[in-house]
Amino acid sequence: MTHIAGDDRSQILLLPESLDDYVGAENPVRFIEAFVDGLDLTAAGFARVMPKLTGRPGYAPSDLLKLYIYGYLNRVRSSRRLEAETHRNIEVIWLLRHLKPDFKTIADFRRDNRNAFRPIFRQFVLLCRQLDLFGRELLAVDGTRIKAVNNKDRNFTRAALATFIKLADAKLEDYLQRLDQSDVTESQTAGSRVKNLAEKITAIRARRTRCQTMLAELDRTGEDQISLTDPDSRAMAAHTHVAVGYNVQVAVDTKHKLIVEQQVTNQVVDMGLLTQTAEAAKEILGVETIDAVADKGYFKIEDIEACENAGITPYVPRPQRGPSVKAGLFRKDEFSHDADSDSYVCPAGQRLYPYSSSLLRGLKRTNYVNKLACDDCKIRSRCTKGKFRTVSRLENEAVLDRMAARLAQRPEVLDRRRETVEHPFGTIKQWMSPGGFLMRGLAKVRAEFSLTALAYNLRRGLNIVGFAELMAAVAA
Ligand code: SF4
């Protein structure tokens, strides 16, 4: 008995197989080729789609785009590794018809066409829409943080710089005093202590100057932090486990967990990003109205109102924050507003009426009070630490009441949000780990994520409807 043996490598084949025979009939590379060949790359914004009449011929953008889509689909993202694949990977050799661009050409293509990848992502979304892969009823909007090419030691916040300068001043004063004392005691011996202190003082002064320069730069730009390797990246919140990175926003359709809209920003928090993400998704889905669910990080009255005005019905749970929550007192949502009498009914059943008003972010804020009722209240210790409780209401707070009523009727929508976004985020983070983004700068990072989201949708599309249906849709 022997093992299965391969062919002799020096065997001359009488009828050599063609390269096409090595690539299966339903290999995804065949779809990548058909999809890219059907795109209008000039309209998408790619440069040099038409070859120049003079000079050395360059590579066609369509070939390099096919290479990138294949690479992102197979977790090969760096230009050097893509170059290597053009030499050894039979699928890439087939896709590029033996073309072997060097890594610099590959890298330059992604950098020079950074704004053109987003339209390509959107073209695939339109193809999925054509295949009826979107439910077009409910969008799950969420954000995740992805690491940038910037070590946390190369990021400085305004507060950290100010603290360092203060500490450096104290240290310098201490060292200078010790230097004076050492000068007296070691003047005859020219000891090493003086030399050590002088070196330390020089080092601290140099670092202090660098911090002062960065602080001046922050004052000039009005920013709160500075990143030295990738100036567009930002220090993210501690709980995100990404020290310095970007905030990636997605709107995912709940039917098949396909990404409808994606955008990368360097805004640290999600608050205020709901409307712009959901509205772009609604537009590409071609619907008049749509529901959108997001987590409490998106809770901002202006954004929720903007969603309603744009035909998006938002579902965002109210975060439990504020001094009353911290103190363990009755939360605001335990007071119900009565629009007819413009009063609040408190947990003791008493009514609080408008008492005073002020402005918050340009919105009128009315304070509701009932001092008399609070005076005699038996549960006051659970409601306030003062003599009476004040409940404030913004002029447009009816949008929050409507949203709370919707959420009370449909609480399961919050679980659907989590289940829906877990799939793309889990997959994409695995694809991008451990390094995160490879490029520097917001525009280039956006190009990278457009390719990543396209690869995710393409993989999903192939799993859901299969190769044949996708090919038929491209041919249609
Ligand atoms: S303290 Fe005032 S507002 Fe609070 S429960 Fe009692 S009556 Fe109502």
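The values are calculated or read from the model by the stated rules, or taken from the named source; none is laboratory data. Please read all numbers here as calculations on a predicted model, not as lab measurements. With ideal geometry, Cβ positions are generated from the backbone for all residues, glycine too; neighbour counts draw on all protein chains shown.
Residue-level check: of (1) part of a helix (DSSP H, G or I); (2) farther than 30 Å from Ala292 by Cβ, Gln123 misses just (2).
Taking region 446-470 as the region of interest, how many residues are over 21 Å from the mean Cα position of the chain (by Cα) and either of a type outside the set (A, V, I, L, M) or surrounded by 16 or more Cβ atoms within 10 Å (Cβ to Cβ) (or both)? Residues that pass the stated criteria total 9. What number of residues within region 78-115 satisfy the criterion of being touching a Gly at 6+ places or on another chain (Cβ under 6 Å) and buried (at least 20 other Cβ atoms within 10 Å of the Cβ)? Looking only at that region, the number is 1.
Evaluate the following for Gly322: is it more than 16 Å from the ligand (Cβ to nearest atom) and surrounded by fewer than 17 Cβ atoms within 10 Å (Cβ to Cβ)? Please lay out each step first, then the result.
Numbers: more than 16 Å from the ligand (Cβ to nearest atom): no; surrounded by fewer than 17 Cβ atoms within 10 Å (Cβ to Cβ): yes.
No.
Here Thr42 clears all of (1) polar (S, T, N, Q); (2) surrounded by fewer than 16 Cβ atoms within 10 Å (Cβ to Cβ); (3) closer than 24 Å to Met432 by Cα except the condition numbered (3). Which ones in region 285-324 are in a helix (DSSP H, G or I) and under 20 Å from Leu258 (Cβ atoms)? Result: Leu285, single match. The helices (runs of 4 or more DSSP H) falling completely within region 1-97 that include 3 or more residues that are over 28 Å from the mean Cα position of the chain (by Cα) map to 28-37, 79-88, 90-95. The number of residues in region 334-357 that are within 14 Å of the ligand (Cβ to nearest atom), in contact with a strand residue (DSSP E or B) (Cβ under 7 Å, 6 or more places away or on another chain) and of a type in the set (S, T, N, Q) comes to 2. Taken together, the criteria place Arg393 among residues that are within 17 Å of Ile304 (Cα to Cα) and within 16 Å of the ligand (Cβ to nearest atom).
Evaluation of Arg393 against the conditions (1) in a loop (DSSP other than H, G, I, E, B); (2) touching a strand residue (DSSP E or B) at 6+ places or on another chain (Cβ under 9 Å); (3) without any contact (Cβ under 8 Å) to a residue 60 or more places away in the chain; (4) under 30 Å from Ile290 (Cβ atoms) shows that the sole unmet condition is (1). Within the set Lys364, Lys371, the sole residue that is within 13 Å of the ligand (Cβ to nearest atom), free of Cβ contacts under 8 Å to residues at least 60 places away in the same chain, loosely packed, with under 14 Cβ neighbours inside 10 Å and not assigned by TED's automatic domain parsing to the domain that holds Gly143 turns out to be Lys371. Residue-level check: of (1) in contact with a Lys or Arg (Cβ under 7 Å, 6 or more places away or on another chain); (2) among the polar types (S, T, N, Q); (3) within 23 Å of Leu274 (Cα to Cα), Ser358 misses just (3).
Val399 meets the conditions (1) within 42 Å of the chain's Cα centre (by Cα); (2) under 21 Å from Pro323 (Cβ atoms); (3) not in a strand (DSSP E or B) in every case but one. The failed one is (2).
Just a yes or no: is a residue in region 161-177 within 30 Å of Ile259 (Cβ to Cβ), among the hydroxyl-bearing types (Ser, Thr, Tyr) and either touching a residue at least 12 places away in the same chain (Cβ under 8 Å) or in the same structural domain as Phe299 (by TED's automatic domain parsing) (or both)? Within region 161-177 (the criterion being within 30 Å of Ile259 (Cβ to Cβ), among the hydroxyl-bearing types (Ser, Thr, Tyr) and either touching a residue at least 12 places away in the same chain (Cβ under 8 Å) or in the same structural domain as Phe299 (by TED's automatic domain parsing) (or both)), the answer is no, since none of the residues qualifies.
Among the residues of region 120-141, at least one is within 30 Å of Leu65 (Cβ to Cβ) and without any contact (Cβ under 8 Å) to a residue 60 or more places away in the chain. Here Ala162, Ala170, Ala116, Ala206 are screened, and the one residue that is in a helix (DSSP H, G or I), in contact with a Phe, Trp or Tyr (Cβ under 9 Å, 6 or more places away or on another chain) and small (Gly, Ala, Ser) is Ala116. Just the residues that are closer than 15 Å to Glu137 by Cα, in contact (Cβ under 8 Å) with a residue 40 or more places away in the chain, of a type in the set (A, V, I, L, M, F, W, C) and assigned to a helix (DSSP H, G or I), please, taken from region 233-284. Hits for region 233-284 are Ala278, Ala281, Ile284.
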